[in-house]
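One structure is given below, encoded as structure tokens.
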Amino acid sequence: MGSAALRLVPVAAGLTASGCLIYGVSPWDPSDFGVVRIGRAVVTVHARSARRLLDLCCANRGTYIKVGQHLGALEYLLPPEFTRTLSVLHSRAPSTPLPEVLSVIQEELGKETSELFVQFDETPLGAASLAQVHRAVLRDGRMVAVKVQHPKVRNQSSRDMMIMELLLQVVKKVFPQFEFMWLVEEAKKNLPRELDFLNEGRNAEKMADMVRKFPFLKIPKIHWDVSTERVLVMEYVEGGQVNDRNYMKRNNIDVNQVSRALGMLYSEMIFVHGFVHCDPHPGNVLVRQIEGSRGPEIILLDHGLYQELTDNFRLNYCHLWEALIAADMDGVRRYSQRLGVGDLYPLFACMLTARSWNSVNRGITRGPVSAKEAQEIRSNAAAYLPQISQLLASVPRQMLLLLKTNDLLHGIGTALHTSASASSFLSMSRCCVRAVARHRRKTASSLWSYAHISISESLRLGQLQLYELFLWAQSSSLGRWLTGLLDWISHSLY
């Protein structure tokens with residue numbers, strides 16, 4: 001425990017240096033305070049601190065890598081030096097040596113690897129916080145991906161929890177305004193679920209059935225006869241990471257279609273079904289172009305971490321997003337407070353939308369995040385840390401994983417340059433309308449009431465469809481030509 005705790009020292013030193021390096025230059029030179037010089041110094045310090053944080057995660061593995069994966073996806077919030085450096089943890093974290101991997105397989109399945117597979121690649125396809133994945137071929141010739149748990153991760157995760165709890169208790173003593181003990185409570189609850197690969201397989205099948213109407217979604221099938229709590233064998237599927245714009249450009253994949261599909265999928269999960277995949281970092285969401293298909297396919301991996309939402313929570317969350325999309329500040333306050341945030345609802349709205357409070361008031365559908373607003377968001381994240389910790393300690397526990405999921409999806413949107421697209425808000429609106437109508441139908445007291453709810457739902461969905469057609473026409477060549485013609489006529493008349 002002591003050695004792991006000591007590894008935090010270089011990171012703390014790196015982060016402290018971020019504030020001190022500029023003023024520690026010797027000998028003093030007036031040019032050191034030039035904008036360019038300060039900018040270079042900040043970039044250098046960010047890069048060095050990020051490398052130290054990466055070293056910390058890799059040295060401690062397990063829970064630390066999970067934290068690093070999350071940080072590496074926050075492109076809308078953290079400096080690029082951090083996100084670029086930590087992004088390797090999404091699929092290229094430290095791997096377990098092959099003999100130890102084969103030993104885990106034999107312990108779990110009671111057979112040598114050569115008895116189970118005609119081929120087993122020695123080099124892993126990828127390695128993450130809890131496991132690594134190898135490509136293999138079953139005896140019947142089917143190609144599979146074999147997910148093998150790191151052999152020491154169960155014992156190590158218990159130790160990580162002890163260290164994290166100790167450090168957070170120290171933080172709480174020194175800084176009473178910071179309340180992060182909920183972090184340990186959530187990790188203690190969720191880690192055992194993630195370490196049970198049979199639970200992951202059941203989640204994968206449940207989700208595949210729940211959203212089977214989406215032709216763009218692929219969830220690899222599980223081979224139950226060769227799967228255990230520590231070894232999961234599934235269908236092998238290839239694709240590029242969802243935040244890799246260069247991969248999409250090489251393969252003629254439309255990033256807007258990817259963003260739209262991901263928005264539809266998660267809106268359906270959250271608002272309609274209340275069963276949410278809560279680890280969509282780029283290593284767990286792949287994309288590929290299927291020959292002959294209209295659009296790209298989304299491949300959703302790693303189903304160990306899910307959040308089930310209660311109906312009451314889900315419906316309040318639906319109403320909150322409807323209010324945010326409509327710029328209804330009374331609704332934002334009312335439904336935020338129903339979710340337990342009290343007077344911190346402006347901060348809560350900013351955290352959910354990854355927008356400034358001014359943008360929330362104007363309407364988050366009005367336009368994308370500007371460079372100035374992005375900088376304001378980054379600055380406020382540090383300035384409001386005590387209030388953020390207070391808010392996170394007060395919201396229902398269901399909200400915590402949703403906020404994490406929200407962060408990761410915002411990060412993907414930022415990487416693809418598709419944040420705040422109108423289509424994503426339309427998908428959310430549709431799902432909110434359907435979810436609320438479905439709940440009202442369940443409690444309808446008469447046939448007339450049931451019919452009235454269904455008609456209202458159809459009318460509202462029709463309005464959204466017309467608005468989507470309007471946006472499509474406006475963005476088409478004909479729409480742009482007509483808009484230009486109308487502008488010309490207007491200027492000619494006046």
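Compute the accessible area per residue over region 77-219, keeping the other protein chains in place, probe 1.4 Å, unit Å².
51 Å²
May I ask you to evaluate 6.51 cos²θ - 1.76 cosθ + 1.60, the Karplus curve with θ = phi - 60°, for each residue of region 168-184 and list the ³J(HN,Hα) values in order in whole Hz, giving x for glycine and proline?
Running phi through 6.51 cos²θ - 1.76 cosθ + 1.60 with θ = phi - 60° gives 5, 5, 5, 4, 5, 5, 6, 10, x, 6, 8, 10, 10, 5, 4, 4, 5 Hz.
Pop the C-beta distance of Asp121 and Leu166 into the FRET formula with R0 = 45 Å and round what comes out to the nearest 0.05.
0.65
What does the charge count around Arg51 come to, taking other residues whose C-beta lies under 12 Å from its C-beta (Lys +1, Arg +1, Asp -1, Glu -1)? Could you put the intermediate results ahead of the total?
Values: positive: Arg48, Arg52, Arg84; negative: Asp55, Glu81.
With Lys, Arg at +1 and Asp, Glu at -1, the neighbours total +1.
Using θ = phi - 60° and the Karplus relation 6.51 cos²θ - 1.76 cosθ + 1.60, list the HN-Hα couplings for region 288-294 in order, rounded to whole Hz, with x at every Gly or Pro.
Couplings: 7, 9, 8, 4, x, 8, 6 Hz.
With a 1.4 Å probe and every protein chain kept in, tell me what percent of the accessible surface of region 282-440 is carbon plus sulfur. Could you put the intermediate results ahead of the total?
Details: 3130 of 6450 Å².
Roughly 49 percent, rounded to a whole number.
Write down the Kirkwood hydrodynamic radius of region 122-238, to one decimal in angstroms, obtained as one divided by the mean of 1/r over all alpha carbon pairs.
After inverting the pairwise mean of 1/r, the radius is 16.6 Å.
How much of the accessible area of region 141-196, probe 1.4 Å, is carbon plus sulfur, in whole percent?
63 percent
When only alpha-carbon atoms are used, what values of Rg and Dmax, in angstrom, describe region 159-211?
Rg, Dmax (Cα atoms, Å): 16.2, 49.
If you project the alpha carbons of region 205-257 onto the principal axes, what extent comes out on each, in Å, largest first?
Its Cα atoms span 39, 25, 13 Å along the three principal axes.
Relative contact order of region 367-461: what whole-number percent is it, with Cα pairs under 8 angstrom and at least 6 residues apart?
Numbers: 25 pairs, mean separation 25.8, N = 95.
Relative contact order of region 367-461: 27 percent.
Using only C-alpha atoms and all pairs of different ones, pull out the Kirkwood radius for region 184-280 in Å with one decimal.
The answer is 15.5 Å.
Can you pull the accessible area of Val237 for me, 1.4 Å probe, Å² to the nearest 10?
20 Å²
Mind checking which aspartates and glutamates have their Cα closer than 17 Å to the Cα of Lys442? Skip sequence neighbours fewer than 8 apart in that chain.
Partners found: Asp311, Glu457.
What is the spin-label model distance, in nm, from Gln387 to Asp55 if the labels are put 7 Å beyond Cα along the C-beta direction?
Between Gln387 and Asp55, the simple spin-label model gives 3.7 nm.
Can you work out the accessible area per residue across region 341-442, with the rest of the protein chains kept in place, probe 1.4 Å, in square angstrom?
42 Å²
The values are calculated or read from the model by the stated rules, or taken from the named source; none is laboratory data. As the structure is a prediction and not an experimental result, all values here were calculated from the model. All Cβ positions, glycine included, derive from the backbone under ideal geometry; neighbour counts span all protein chains shown. In case anyone asks, the SASA skips ligands and DNA or RNA and just uses the protein heavy atoms, side chains included. Shrake-Rupley method; radii C 1.70, N 1.55, O 1.52, S 1.80 Å.
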